[in-house]
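> Submitted below is the structure of interest, expressed as structure tokens.
Each reported figure results from applying straightforward, stated rules to the coordinates on display, with no laboratory input. Predicted model only: the values in this text are computed from it and were never measured. A quick note on method: Cβ atoms are made from the backbone with ideal geometry, for glycine too, and the neighbour counts reach across all protein chains shown.
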Amino acid sequence: MRIPKLLRTSSFRITTAYAALFSLSALILFVLVYSGTSQYMRAELNTAIASDLTELDEIFKTQGTKSLVREIQTRMRQADNDDMVYLLQDSLGDVMAGNMSPQALDTSASTFEISIHAPDGKERTVHAHGIVLPDGQRLTVGVDTFDLHEMHAVILRAFAFSFGITLLLALFGGAMMSRNLLLHVERISQTGRKIMKGNLSLRIPLRGVDDEFDHLATSLNLMLNRTERLVESIRQVSNDIAHDLRTPLTRLRQRLERTQRTEQSAEGLRTAIARSIADVDGILDTFSALLSIAQIESTTARKEVARVDLSEVLQTVVEIHQPTADEKKQHLAARIVPNLRVLGDRELITQMASNLLENAIRHSPEGASISLAGGNDENGVELVIADTGPGIPVAERGKVFRRFYRLESSRSTPGNGLGLSLVAAVAERHNATIHLEDNDPGLRVHLRFPIPTLDVSNDI
Amino acid sequence: MGALKILIIEDDRETADFIVNGLMEEGHVAAHTANGNEGLSLATGDSFDLLLVDRMLPGLDGLQLVKLLRNAGNMTPTLFLTTLGGIDDRVSGLNAGGDDYLVKPFAFAELAARVSALGRRSRARLLETKLSVADLELDLVSRALHRNGRPIDLQPREFRLLEYLMRHAGQTVTRTMLLENVWDLHFDPHTNVVETQMSRLRCKIRKDNEPEVIHTIRGVGYCLRAHP
């Protein structure tokens, strides 16, 4: 049912409203022009009649009736005067001169409009004015209102024509616009339906005109980006859980089975149980980390965004990792500018910084140098953690943030490969950027928090 | 360390048995219900020293239960036990009126330590300005420590650590409890910062033949008390 749909669109309704509004103003304009010109023309007519009358009256007064008659006849013969009618009647009503037939002239009215039969047989309307001369004669001068009526007709025709055209154009234009709108909206709906059928990578096409439709399409596309990322994230987590939790679970099972088969002494059993509990704890840790990461990635706007004293957080992080660095005879240097403030979640930021420092310490050999620097400049607050360890090859720098990703060189070091994934999730949540650079030798991690804007909590 | 009257509101049979038996072995009195609504009426009716509440319950959910209790003016110390271990989950639990939050699965020793800590709290006066245990005297206003009259200089972290130990004197506090309350950490950093700091503190406060007051409880945590 296409037609009703077209008429139901808001653009069509708006167009109709505008068309009505225009019609109304056109109508008002028409009325004004019509009455204005009408009044003007009548005034002109009256002036013409009045001046004629005055002149004729003057002639009568100065030269008498015969001169008047002669003057009237002269005027009647003037070519450019053929819209003027004259009539001179005596006191009894008989015609003395003139080209107007003495129809039932109402002697009490002095200005009137009548329909007369002109000498050339045509029916004309005349606007006349009559005066009574001192000796009872009646002098009437009139003007053919043909021009006036013609003018009225012209104006009317012009208005009617343009009115009609405009109305048609308005309705046609409205229909076209509605159709365009409908097509575009239909295209968006269709894309939506295709996406729901399962193709999450589709995006709504933009028209390229930067209008509100393009803005709508852009917003929807951003939303789709996010949804696609989230779905991908969920898929990844499920895959990762299946793949990387199987390994420690398998090991656990093997240990328990071996114990069941071979272990006899109570002491041996106790030891095996203790080790198994430790294994289970490790698996639970990995599980928790995975869920944390997924939770961090999936929530965009954090309910409680607060001002975090990053300096204090960094000092705590250095403190908690100092013992490990000392054990490895590493040189841990911290340079933290006081009162660094960022907007966000204190716990998440602490965990992120802790993971980064832990990585630096863990993957660097004994005696290595590790530095942690916190500062700020016009681009925001900055955290730099550098080590003199083996570093990360350029080719792998993009991959290390993936869940469970371990570099070949560090497969033997303890850890579940989730540390950097959590760092990446927290950084993204805080709109912070991370860059991995060569510390020559070693790795330098460069984390930058943006300058907080008013709209921080609503960023996608 | 008095015996506490504890109500456990937990719908998983095995977990409930595990907890009830463990607490009774510790010398506490434990009651149990598997239903949220029943738990609410029991908690409101009887005067328990402590409530252990599972968040996901049939009937009334744990969070709602505690909110209702708090709204009714019931301030019984409450510990949430739950599989919901996300950061937001913990925050919402504490915002609902919970006093502590323990994620399942947990070592029983962890639960026991937290139970003691919460049970004690209801009777402690939090407005104290001085803490004294054995021959240690900690002035919370001037931030000064004296042992047998001898002044001891403490770093801020050492002060916090000792303060926490003294507030829980006689009770065992776990490593996790220390990380949470002294370092404000809600994740395990996998370092032995607690052990390191503890031994540093021990060194500072013990001179010559003074008795050791900070004891290590193997497999559980630490305890500050006069007698071993």
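> Run the dipole for segment B:37-91 about the Cα centre, Lys and Arg Cβ at +1, Asp and Glu Cβ at -1, nothing else charged, and hand back the magnitude in debye, nearest 20. Numbers along the way, then the final one.
Working: 4 positive and 7 negative charges, 33 e Å.
Here the size comes out at about 160 debye.
> How many partner chain Cβ atoms sit within 10 Å of a residue's Cβ in peptide A:348-355, on average, as a whole number? Walk me through the intermediate numbers first.
Values: counts 2, 0, 6, 5, 0, 0, 6, 2.
That average works out to 3.
> Follow-up. State the extension gain, in nm to one decimal, for the chain segment bounded by residue A:185 and residue A:44, taking 0.36 nm per residue of separation less the distance between their alpha-carbons. Please report the intermediate quantities before stating the final value.
On the way: separation 141, 0.36 × 141 = 50.76 nm, distance 5.99 nm.
Stretched fully, the residue A:185-residue A:44 segment lengthens by 44.8 nm.
> Determine the alpha carbon to alpha carbon distance for each of A:328/B:207; A:329/B:104; B:5/B:130; B:130/B:204; B:5/B:67; A:329/B:204 and list only those over 26 Å. Mind dumping the intermediate values first?
Details: A:328/B:207 30 Å; A:329/B:104 37 Å; B:5/B:130 29 Å; B:130/B:204 20 Å; B:5/B:67 21 Å; A:329/B:204 24 Å.
Going by Cα-Cα distance, A:328/B:207; A:329/B:104; B:5/B:130 fall outside the 26 Å limit.
> Between helix A:346-363 and chain A, what is the angle of the helix's C-alpha long axis to the longest principal axis, kept within 0 to 90° and rounded to the nearest 10?
The angle comes out near 50 degrees.
> Apply the Karplus curve 6.51 cos²θ - 1.76 cosθ + 1.60, θ = phi - 60°, to the phi angles in segment A:30-45 and return the couplings in whole Hz, x for Gly and Pro.
Once θ is set to phi - 60°, the couplings for segment A:30-45 become 4, 4, 4, 4, 4, 5, x, 5, 4, 4, 4, 5, 5, 4, 4, 4 Hz.
> Using C-alpha positions alone, give me the convex hull volume of segment A:214-358 per residue in cubic angstrom.
Numbers: hull volume 25.7 nm³, N = 145.
Expressed per residue, the convex hull around the Cα atoms of segment A:214-358 is 177 Å³.
> Divide by every residue of chain A the summed helix terms, -39500 (n - 2.57) for each DSSP H run of at least 4, and state the resulting mean residue ellipticity at 222 nm, rounded to the nearest 500 deg cm²/dmol. Could you put the intermediate results ahead of the total?
Numbers: 8 runs with 258 residues, N = 460.
It comes out at -20500 deg cm²/dmol, rounded to the nearest 500.
> Could you tell me the largest-minus-smallest coordinate of the C-alpha atoms of segment A:201-286 on each of the three principal axes, in descending order and whole angstroms?
Largest to smallest, the principal-axis extents are 80, 17, 9 Å.
> Starting at 0 and stepping by 20 Å, how many percent of the alpha carbon pairs of the protein assembly as shown end up in each bin?
The distribution over the protein assembly as shown is 12, 29, 20, 10, 8, 11, 8, 1, 0, given as percents.
> Given the convex hull of the Cα atoms of segment A:300-372, what is a quarter of its surface area in nm²? Walk me through the numbers on the way to the answer.
Working: hull surface 19.9 nm².
Mean projected area of the Cα convex hull: 5.0 nm².
> Specify which residue in the list B:106, B:58, B:24 is farthest towards the positive end of the charge dipole of segment B:20-110, using unit charges on the beta carbon of Lys, Arg (+1) and Asp, Glu (-1), about the Cα centre.
With unit charges placed on the Cβ atoms, the residue in question is B:58.
> Please identify every one of the trypsin sites (Lys or Arg not before Pro) in segment A:190-260 that sits in a loop by DSSP and has no more than 14 other beta carbons within 10 Å of its own beta carbon. Intermediate results must be reported in sequence, preceding the final value.
Values: sites: A:193, A:194, A:197, A:203, A:207, A:226, A:229, A:235, A:246, A:251, A:253, A:255, A:258; in loops: A:203, A:207.
Here the sparse-neighbourhood loop sites are A:207.
> Averaging sequence separations of C-alpha pairs under 8 Å and six or more residues apart, then dividing by the length of segment B:1-146, give the relative contact order as a whole percent.
Values: 219 pairs, mean separation 27.4, N = 146.
It rounds to 19 percent for segment B:1-146.
> Take the alpha carbon atoms of segment B:26-54, find their center, do the same for segment B:140-195, and report the distance between the two centers in whole angstrom.
Using only Cα atoms to place each centre, the spacing works out to 32 Å.
> Calculate log10 I(q)/I(0) of segment B:55-98 for q = 0.15, 0.16, 0.23 Å⁻¹, where I(q) comes from the Debye formula with a single equal point scatterer on each Cα and nothing for solvent.
-0.33, -0.38, -0.76
> Quick one: what are the phi-derived ³J(HN,Hα) couplings along segment A:15-25, Karplus 6.51/-1.76/1.60 with θ = phi - 60°, whole Hz, x for glycine and proline?
Each residue of segment A:15-25 in turn: 4, 4, 4, 5, 4, 4, 4, 5, 4, 4, 5 Hz.
> Determine by what factor the alpha-carbon radius of gyration of segment A:338-397 differs from 2.2 N^0.38 Å, reporting the quotient. Don't skip to the answer; put the middle values down first.
Details: Rg = 13.5 Å, N = 60, 2.2 N^0.38 = 10.4 Å.
Cα-based Rg divided by the globular estimate yields 1.29.
> Pick out, from A:164, A:230, A:208, the residue whose Cα sits farthest towards the positive end of the charge dipole of segment A:128-260, with +1 on the Cβ of Lys and Arg and -1 on the Cβ of Asp and Glu.
Result: A:230.
> Find the percent of Cα-Cα distances in segment B:55-155 that exceed 19 Å, and round it to a whole number.
Working: 2941 of 5050 pairs.
Beyond 19 Å sits 58 percent of the P(r) for segment B:55-155.
> Hey, another quick one. Quick one: Karplus J couplings for segment B:185-192, per residue in order, coefficients 6.51, -1.76, 1.60, θ = phi - 60°, nearest Hz, x for Gly and Pro?
9, 10, 9, 8, x, 6, 10, 9
> Okay, moving on. Please quote Rg/Rh for segment B:1-104 to two decimal places, taking the Kirkwood radius as Rh and restricting both calculations to Cα atoms.
With Rg and the Kirkwood Rh in hand, the quotient comes to 0.93.
> Could you list B:106, A:30, A:12 so that the one with the fewest beta carbons within 10 Å of its beta carbon is first and the one with the most is last? If you can, show how the numbers build up before the last one.
Values: B:106 14, A:30 17, A:12 20.
Lowest count first: B:106, A:30, A:12.
> Right, something else. I'd like the mean, over residues of A:315-322, of how many other protein chain beta carbons sit within 10 Å of each residue's own Cβ.
Taking the mean over all residues of the peptide, I get 4.
> Partner chain Cβ atoms within 10 Å, averaged over the residues of A:291-298 - can you pull that number for me? Mind dumping the intermediate values first?
Numbers: counts 3, 4, 0, 1, 5, 3, 0, 0.
Rounded to a whole number, the mean comes out at 2.
> In square nanometres, what is the average projected area of the Cα convex hull of chain B?
Values: hull surface 51.4 nm².
So the Cα hull casts an average projection of 12.8 nm².
> Any idea what the dipole of segment B:38-145 comes to, in debye rounded to 20, about its Cα centre with Lys/Arg Cβ at +1 and Asp/Glu Cβ at -1?
On the way: 12 positive and 14 negative charges, 33 e Å.
For this selection, approximately 160 debye.
> Taking the Cβ-Cβ separation of residue B:186 and residue A:306 as r and a Förster radius of 22 Å, what is the calculated FRET efficiency to the nearest 0.05? Walk me through the numbers before you get to the answer.
Details: r = 15 Å, r/R0 = 0.69.
With a Förster radius of 22 Å, E is 0.90.
> Based only on Cα atoms, what mean projected area does the convex hull of segment A:25-101 have, in nm²?
Numbers: hull surface 26.9 nm².
For the Cα atoms of segment A:25-101, the hull's average projected area reads 6.7 nm².
> Another question about this same structure. Between residue A:246 and residue B:13, take the C-beta separation as r, use R0 = 22 Å, and let me know the FRET efficiency to the nearest 0.05. Write down the numbers at each step before the final one.
On the way: r = 29 Å, r/R0 = 1.33.
Efficiency for this residue pair is about 0.15.
> While we're on this one: Report, in deg cm²/dmol and to the nearest 500, the calculated mean residue ellipticity at 222 nm for chain B, where each DSSP H run with n ≥ 4 adds -39500 (n - 2.57) and the sum is divided by the residue count. Could you put the intermediate results ahead of the total?
Numbers: 8 runs with 89 residues, N = 228.
Mean residue ellipticity at 222 nm (helix-derived): -12000 deg cm²/dmol.
> With +1 on each Lys and Arg Cβ and -1 on each Asp and Glu Cβ, and nothing else charged, work out how big the dipole of chain B is about its Cα centre, in Debye to the nearest 20.
920 debye
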